[in-house]
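In what follows, a single structure is set out as structure tokens and then discussed.
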Amino acid sequence: MRRVALMTLIAGTLSFMQGSEIESYLNELRAEAKAQNPSFKGFDAKRGEKIFFSKHIGKRGKEISCASCHTDDLSREGENIFTGKKIEPLSPVANPKRLSKVKKVKKWLRRNFKDVYKREGTAQEKGDVLLFIISSGK
Amino acid sequence: MKKYLTYGIGAILVAGLSITAIADEDREYTKKSGAYFAETEYKSSYKEHENGYKEHHEKERYEHEDEEREEHRYTNKQRLMGYKPIYVQECGSCHMAYQPEFLPKRSWIKMMKNLDDHFQTDATLDKDEYKKIYEYLVANAADSKSVGGEYEEIADSIKPNETPLRISDTPYFKKEHRKISKELIAQKEVKSIANCTACHKEADRGSYDENEIIIPNYGRWDD
């Protein structure tokens, strides 16, 4: 019995370490969101979907949304509307490399929020949109 | 026996949990990283910007070592070639990773000093990437080494008092592309004159031969 419990603990720890990068980042964001808004209840992929698809006057005064470059279907290849550069699918289901490096995730959230919203995303917005991306293509 | 097994597993668990808790490769150098790191590592080039960035200043002193290093940088070919994939990965994520040989040092330096407003986008990098890309660009700039072909033509056409940020702003480039209609450039398959690979099929390899050109909805170029 004790052995089984130990094995379960190890398995649990190991699997925790597997997806831990993005999960620990989401936890960081949760703490930040809670600190900024005490009534924060958790991230919401539906809110994230709105963040992703809503249009705003962004870079170069153009009316754009995240979907302008990443397209309406996150399992498809996208294209940078300013340069024509091809963008690999954003959905981690279609493209397993996505969301694997938190450094990269942070960088692109910073850059792309500024492109579309002309400001950095709040912790809640980042978490919402990440949850939306994670759940896309499922 | 059982006791040691238990202690062993316990030790691994503790180690694993601590690594997970402590390990954080991310460093928040995101705010104005472009100008910030230019300031700390390459002081001689940025004296005039010192005042602006003093509040973000980390006192890393490489004063004399800097000059000595300068010489070694350009002879350390292999190390610099290792930086190329970083440049291609970071700078080639939104547009083609233009060959550094297209522009003089001063243009790349100016570009790297203003990454927070890179053609109206935030293109800032973290400290490590910034340093490597900076070195790679400066070492391979048109006036840092001997260049030939298109690179030489473009470099020779740039006036010494000018610091173009766009390759397409150089006199030679403009001359070579003067006969291409605005419509062919604006079409969705091309979008912009900065999109070399749309027509120059071997541009990623650094080749811009006329016989490799295929303009979408037009065909080959022949003059």
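The values are calculated or read from the model by the stated rules, or taken from the named source; none is laboratory data. Here the structure is a predicted model, which means the values were calculated and not measured. Please note: Cβ atoms are built from the backbone with ideal geometry, for glycine as well, and neighbour counts cover all protein chains shown. Surface areas here come from the heavy atoms of the whole protein model, side chains and all, with no ligands, DNA or RNA. Shrake-Rupley method; radii C 1.70, N 1.55, O 1.52, S 1.80 Å.
From the list A:Lys50, A:Lys101, A:Lys86, A:Lys55, exactly one residue is within 14 Å of chain B (Cβ to nearest Cβ) and either of a type in the set (Phe, Trp, Tyr) or in contact with a helix residue (DSSP H, G or I) (Cβ under 9 Å, 6 or more places away or on another chain) (or both). Which is it? Talk me through it step by step, then tell me what you get.
Working: A:Lys50 fails: within 14 Å of chain B (Cβ to nearest Cβ); A:Lys86 fails: either of a type in the set (Phe, Trp, Tyr) or in contact with a helix residue (DSSP H, G or I) (Cβ under 9 Å, 6 or more places away or on another chain) (or both); A:Lys55 fails: within 14 Å of chain B (Cβ to nearest Cβ).
That would be A:Lys101, the only listed residue that is within 14 Å of chain B (Cβ to nearest Cβ) and either of a type in the set (Phe, Trp, Tyr) or in contact with a helix residue (DSSP H, G or I) (Cβ under 9 Å, 6 or more places away or on another chain) (or both).
Residues that are in contact (Cβ under 8 Å) with a residue 40 or more places away in the chain and under 17 Å from A:Ile22 (Cβ atoms): does region A:53-72 have at least one?
Within region A:53-72, not a single residue is in contact (Cβ under 8 Å) with a residue 40 or more places away in the chain and under 17 Å from A:Ile22 (Cβ atoms).
Please enumerate the residues belonging to region B:94-151 that are part of a helix (DSSP H, G or I) and within 14 Å of chain A (Cβ to nearest Cβ). Can you show your working first?
Taking region B:94-151 first, the residues part of a helix (DSSP H, G or I) are B:100-102, B:105-113, B:115-117, B:127-139, B:149-151.
Result: B:Leu115, B:Asp116, B:Asp117, B:Lys127, B:Asp128, B:Glu129, B:Tyr130, B:Ile133.
List the number of the failed condition for A:Leu109; all other conditions in (1) within 14 Å of chain B (Cβ to nearest Cβ); (2) more than 15 Å from A:Ala33 (Cβ to Cβ); (3) of a type in the set (A, V, I, L, M, F, W, C) hold.
The single condition A:Leu109 does not satisfy is (2).
Which condition breaks for B:Pro164 when tested against (1) open to solvent by 60 Å² or more (accessible area, probe 1.4 Å); (2) at pLDDT 95 or above; (3) under 30 Å from B:Gln78 (Cα atoms)?
Only one criterion is unmet by B:Pro164, namely (1).
If you go through region B:172-186, how many residues are in a helix (DSSP H, G or I) and either in contact (Cβ under 8 Å) with a residue 60 or more places away in the chain or surrounded by 10 or more Cβ atoms within 10 Å (Cβ to Cβ) (or both)?
Going through region B:172-186 one residue at a time, the tally reaches 10.
For region B:122-157, which residues satisfy the criterion of being over 22 Å from B:Tyr83 (Cα atoms) and either touching a strand residue (DSSP E or B) at 6+ places or on another chain (Cβ under 6 Å) or open to solvent by less than 20 Å² (accessible area, probe 1.4 Å) (or both)?
The answer is B:Ile154, and nothing else.
Could you please let me know if B:Gln120 is modelled with pLDDT of 50 or more and on the phi > 0 side of the Ramachandran plot? Lay out the reasoning, then the answer.
On the way: modelled with pLDDT of 50 or more: yes; on the phi > 0 side of the Ramachandran plot: yes.
Judged against the criteria, B:Gln120 is a match.
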